Amino acid sequence: VQEFEQRVADYHGVKYCIAMCNGTIALEIAIRALGLEGEVIVPSYTFIATAHSLNWQAITPVFADINPETHTLDPEAVRQMITPKTTGIIGVHLWGRTADVDTLQAIADEFNLKLMFDAAHAFGVTHKQQSILNFGDLSILSFHATKVFNTFEGGAIICPDKKTKQRIDYLKNFGFADEVTVTAPGINGKMNELQAAMGLLQLKDFNIILEKRKKIANRYYRNLKNINGIRVLEQKKDVTY
């Protein structure tokens, strides 16, 4: 697991990767690590786990509209949903298509909100020539079997600083600081060694897998874009996936 965490971090050029048993637990622990409460704004179009991870912790998910050109969270819709109870924003990168990270960060800074990203669909994606996982306070990954990169089941939290990483490490392992010292209430969110071994094997061939997927996607794009009644979403120029 430790080797897997380091390899994933190195691949994306991020500081810390903390492996988890699945992406939903990663969301829940990331939410708790950031101290979110009250209301948190999420996209109206996402997998239900994004909202459930808040609701399970007595936090109200507030649904903001998406941009029809990108299908990701519309920053202006986010601005309209902010109230005195709002403590954070969770953006979702959908199908490798990135949320508007720069504008969302500006809004988060303006209103003193935490910003995290559900990057379950964004393994290996870059924005302005750096990993999309470098944006926001935290990002989470899913390694479910349906994902391009998978460990059969699993997930991770991507973290930029040592203090937050330490808190996440405690939260994912019953609050243990060592074999006997419990620092705070925690949960069992650890990835197992078999999942990590699968992930290490996947990493060896991930770029090959990605190129094959791109060829398939481009074939769909070429053959669908000129059909009346069908509109194909354009790829962002500053994003690679």
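The values are calculated or read from the model by the stated rules, or taken from the named source; none is laboratory data. Keep in mind it's a predicted model, so treat the numbers as computed, not measured. Glycine gets a Cβ as well: all are built from the backbone with ideal geometry, and neighbour counts include every protein chain shown. Calculation scope for accessible area: heavy atoms of the full protein, side chains included, ligands and nucleic acids excluded. Shrake-Rupley method; radii C 1.70, N 1.55, O 1.52, S 1.80 Å.
Could you say whether any residue in segment 138-151 is open to solvent by less than 30 Å² (accessible area, probe 1.4 Å), touching a residue at least 40 places away in the same chain (Cβ under 8 Å) and more than 25 Å from residue 32 (Cα to Cα)?
yes
What are the residues in segment 79-113 that are assigned to a loop (DSSP other than H, G, I, E, B) and in contact with a Pro (Cβ under 9 Å, 6 or more places away or on another chain), if any?
Result: 99, 100.
Being of a type in the set (S, T, N, Q), under 21 Å from residue 132 (Cα atoms) and open to solvent by 40 Å² or more (accessible area, probe 1.4 Å) is the filter here; which residues of segment 74-117 pass it?
If the condition is that a residue be of a type in the set (S, T, N, Q), under 21 Å from residue 132 (Cα atoms) and open to solvent by 40 Å² or more (accessible area, probe 1.4 Å), then 103, 105 are the ones that fit.
Would segment 225-236 turn up any residue that is among the small types (Gly, Ala, Ser) and either in contact with a strand residue (DSSP E or B) (Cβ under 7 Å, 6 or more places away or on another chain) or under 19 Å from residue 94 (Cβ atoms) (or both)?
Within segment 225-236, none of the residues are among the small types (Gly, Ala, Ser) and either in contact with a strand residue (DSSP E or B) (Cβ under 7 Å, 6 or more places away or on another chain) or under 19 Å from residue 94 (Cβ atoms) (or both).
Looking at (1) modelled with pLDDT of 95 or more; (2) surrounded by fewer than 18 Cβ atoms within 10 Å (Cβ to Cβ); (3) not in a helix (DSSP H, G or I), which one does residue 71 not meet, given that it meets all the others?
Every listed condition holds for residue 71 apart from (1).
Does any residue in segment 74-88 that is within 15 Å of residue 104 (Cβ to Cβ) and of a type in the set (Lys, Arg) come within less than 7 Å, Cβ to Cβ, of a residue that is open to solvent by less than 70 Å² (accessible area, probe 1.4 Å) and at pLDDT 95 or above six or more places away or on a different chain, and which pairs are these?
Final answer for the pair search is 79/107.
Starting from segment 189-211, take each residue that is among the polar types (S, T, N, Q) and list its partners that are in a helix (DSSP H, G or I) and surrounded by fewer than 17 Cβ atoms within 10 Å (Cβ to Cβ), counting only C-beta distances under 8 angstrom and pairs at least six apart or across chains.
Sorted first by the residue in segment 189-211, then by its partner, the pairs are 202/209.
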